[in-house]
Each structure stands twice: as C-alpha cells, then as structure tokens.
Amino acid sequence: MSTTMTIRLDEEVKVRLDRLADSTNRSKSFLASEAIREFVENNEWQIAEVHAALEEADAGDFATDKDESVLAKKWKVNAR
C-alpha cells in the first residue's frame, strides 16, 4: 500500500532530481520514495544503536582496562 504526500524542494534539488530521473529512466516519485525509505531506515538504525548503547552504559557494561589494552595492541595504537 502506498500513500501520497507533498513536499517542497529547493529549485536546484528539483532540477537535479529531474536529471537523475531522466538518466535512470525512473520516475521522480520512485527516486524520492527510495531516498526517503533509505533515510528512515538509516536513522531508525542509528537511534536503535544509541538506545542500545545507553542501556549498556546504564547497566555498567564497559570495557575493562585489560580489554582496552588488548585492543590497543591489536591495532597498534595508543588508546590512552
């Protein structure tokens, strides 16, 4: 199922979208829908990861000094 919505674009973005639609033989609607879908998926993922990290931090789930040292040696970087 799909729905319709109206958005405002800067003129430059609209021109670029027109060119992209022409060069890919896709509709502007398809390209805009795909761009919004990818944007939403990426942001949902980022927010979920932030929430998961906050839960770990609240639970005190941190790397030990030994864990950090092992990683620093593995990557040959001074982590401190």
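Values quoted throughout were computed directly from the atomic coordinates according to the rules given, and no laboratory measurement underlies them. Note that the structure is a prediction, hence the values are computed from the model and not measured. In this analysis, Cβ positions are derived from the backbone assuming ideal geometry, glycine residues included, and neighbour counts consider all displayed protein chains.
Of all trypsin sites (Lys or Arg not before Pro) in the stretch 1-66, which ones are in loop regions per DSSP and have a Cβ with at most 10 other Cβ atoms within 10 Å?
In loop regions of the stretch 1-66 (DSSP not H, G, I, E or B), the sparsely surrounded trypsin sites (Lys or Arg not before Pro) are 8.
Put +1 on the Cβ of each Lys and Arg and -1 on the Cβ of each Asp and Glu in the stretch 11-75; which of 70, 13, 42 then has its Cα farthest toward the positive end of the dipole? Most positive-ward Cα: 13.
A viscosity of 1.567 mPa s and a temperature of 4 °C, combined with the Kirkwood radius over C-alpha pairs in the Stokes-Einstein formula, give the chain a diffusion coefficient of 76 µm²/s. FRET efficiency for the residue 6 to residue 42 pair, using the beta carbon distance and R₀ = 30 Å, is estimated at 0.80. Taking Cα centre as origin and charging only the Cβ of basic (Lys, Arg, +1) and acidic (Asp, Glu, -1) residues, the dipole magnitude of the stretch 11-75 rounds to 520 debye.
In summary, the lysines within cross-link reach of residue 66, defined as a Cα separation below 17 angstrom excluding same-chain residues under 8 places away, comprise 74, 76. The chymotrypsin sites (Phe, Trp or Tyr not before Pro) found in the stretch 28-69 that occupy coil by DSSP, while having at most 10 further C-beta atoms within 10 Å, are 62.
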